[in-house]
1. State which stretch of the chain is the longest one without any exposed chymotrypsin sites (Phe, Trp or Tyr not before Pro), exposure meaning a DSSP loop state and at most 10 other Cβ atoms within 10 Å.
2. Assigning unit charges at the beta carbon (Lys, Arg +1; Asp, Glu -1) and nothing else, what dipole magnitude in debye, to the nearest 20, does the chain show about its Cα centre?
3. So how tilted is helix 618-630 from the main axis of the chain? Cα-based, degrees 0 to 90, rounded to 10.
4. With the cut-off at 1.5 for a/c, could you classify the stretch 1-142 from its C-alpha gyration tensor as rounded, prolate or oblate?
5. Work out which trypsin sites (Lys or Arg not before Pro) in the chain are exposed loop sites (DSSP not H, G, I, E or B, at most 15 other Cβ within 10 Å) and give the longest gap free of them.
6. Choose one of A661, T646, F601: the residue whose Cα lies farthest towards the positive end of the charge dipole of the stretch 533-682 (beta-carbon charges +1 Lys, Arg; -1 Asp, Glu; about the Cα centre).
7. For a distance above 31 Å, tell me the whole-number percent of Cα pairs in the chain that qualify.
8. The stretch 518-542 to the stretch 180-218: how many Å between their Cα centroids?
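The values are calculated or read from the model by the stated rules, or taken from the named source; none is laboratory data. Treat the numbers as computed from the prediction; the structure is a model and nothing was measured. Cβ atoms come from the backbone with ideal geometry, glycine included; neighbour counts cover every protein chain shown. The protein model used for the area step is the full one, side chains on, heavy atoms only, and it has no ligands, DNA or RNA in it. Shrake-Rupley method; radii C 1.70, N 1.55, O 1.52, S 1.80 Å.
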Amino acid sequence: MEPLYQYAWLIPVLPLLGAMVVGLGLISFNQVTNRLRQANAVFIISLLGASMVLSFALLWSQIQGHEDYNRMIEWAAAGNFQLQMGYTLDPLSALMCVIVTTVAFLVMVYTDGYMAHDPGYVRFYAYLSIFSASMLGLVISPNLVQVYIFWELVGMCSYLLIGFWFDRKAAADACQKAFVTNRVGDFGLLLGMLGIYWATGTFEFDLMGERLENLVSSGMIAPALAGLFAVLVFLGPVAKSAQFPLHVWLPDAMEGPTPISALIHAATMVAAGVFLVARMYPVFEHIPTAMTIIAWTGAVTSFLGATIALTQNDIKKGLAYSTISQLGYMVMAMGIGAYTAGLFHLMTHAYFKAMLFLCSGSVIHGMEGVVGHDPVLAQDMRLMGGLRKYMPLTSLAFLVGTLAICGIPPFAGFWSKDEILGLAFEANPLLWFVGWFTAGLTAFYMFRMYFMTFEGDFRGNDMEIRNELSMAAAPVFGPGAMDVKELDHDSEDHGHDEHGHSDSPHESPLTMTLPLLILAIPSTVIGLLGKPWDNTFEEFIHAPGEMIEEVSHFDWTEFGIMAGNSVGIALIGITIASLMYLQHKIDPKAIADKFPALYKFSLNKWYFDDVYYNVFVMGCRRLARQIMEVDYRVIDGAVNLTGLATLVSGEGLKYLENGRAQFYALIIFGAVLGFVVVFSVV
């Protein structure tokens, strides 16, 4: 097995190599590289597939009990300072490598169908490959400095991919918003890193936790200072994993192509934040204040995301707020000490959320045949309905993902979410209540999305609704798989083929539906690894230094009560959604009219975007204008005054330079006389 570990560095390097080769081709031989579209795609997918095979081999080795493996080289040294780089392989990194490579591989296969007619097809594959490489490099990093390097690379890739259609103002604004918001968190992370290094003298995860605990217990460092360092580090995951109050970038990230939405929300960008909390767990677990802040940040975020998702009509925006809510569960689990439960939910969520996003892309692809290339119409659930008849495979996969995220047994989400809720009840009943109530909201809004999209009558040909929704934005090409020119050509020449306008949607091609069906398998069965009476996942993944005790007697009564509560609230949410959007026995509009303030509060996303815009964006602009005024009047004024004084004095002095010795003598005599008068007065 040792050669396997010695060459594990190939896991991130292979997709990086693919991105480099294709990127150089695009720079040097652009037209030729773009013509070889599928050849480039096969090349990149094959390299990532090799990384996936290697990741599975390492995971199997770790399951068999292979000890942790570290390979380090000296990167920099100066005096007592030494910085090493390399890679570490343990159960956590092996598991994350498998999650990232499997989801990224299926997303890349799906991309071939979704982006088939996009002129940036090859460039998109290059971006996906470097994004995957950055995340893989992050999860095998052995210390905080190397994590930070790949952390920033992940952020750079998200900027490129969210703004992939950069000629659209919405996409350009969204990638800038993501970049700036993440810089806020990353600055906190950098300060926290430096503070912990100042205190402990190391960037190694285990040593940081051990030394910081000793320093606090010996009184050499105040607990408040240690807590400050921990909270600053936690700001990084708050931004990356879209936690309150830095969650505002993630819904806008839906302006990117749907495959990247799936990858960001499932296995890369947002997963990086939860992963870093797990890696820094040896530091956090000894600081109760930090753990409390982490737990309540997650709880508030889960509730916030769920309440906003209740009223979203854009299918991708609804899933985005769902991701924010589910990430809140993971962060809350980490904060209450449920290390294994948080990572378990990270794994199950990665598969069913990737599937849900890819399903939304399949729906958008099918809807474009009806509504054209307007992203507002193609993504609006008010124009959908009845798609199960036209898109049976997509609807089946979406239903599986919906049942999983709602926590309905035996689907994957039930086992991970129930474990978090059970441990939250032991830690703090109020946290449990927030998570439990959020589970009910999750079931409601997810089945609202399912019923609005796949059940009832198809509303895409209702011109009254279409005209009303078209007022929101002018048609722009973006979120689907068709080129405007090709779409127009097909609509003129072929009328009702798969790329032109027709009266009904159509199922997506095999390259798009096959990944959905494959992802439906882990979304259904992978949760069984975490059965509470035989938790093989916990035996494999557990907190650093934690000893796993064998459970001699499993309390079925306690499990039944907690599981019954979580399933019960989910069934209530599903029932209400059914009465509103399937059976139409309750009118949602009447409820919105009865409680307009609450409805607008949810629809306007708790007004976070408005507050941030007025306080930060407009505030910064006003500050910039004031600084510009000071620069113009004071700085430039001083410079201009100096120039003017020089000019005036020079112009005046030139009249004194007349070449007459008598005149110069007169000036000297006047000057001497002046000095005599002044000194005599003094």
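1. The reported range is 1-532.
2. Dipole about the Cα centre, nearest 20: 1520 debye.
3. 10 degrees
4. oblate
5. Working: sites that count: K585, K654, R660.
Formally, the longest exposed-site-free interval is 1-584.
6. A661
7. Tail fraction, whole percent: 57.
8. Value for the Cα centre distance between the two parts: 33 Å.
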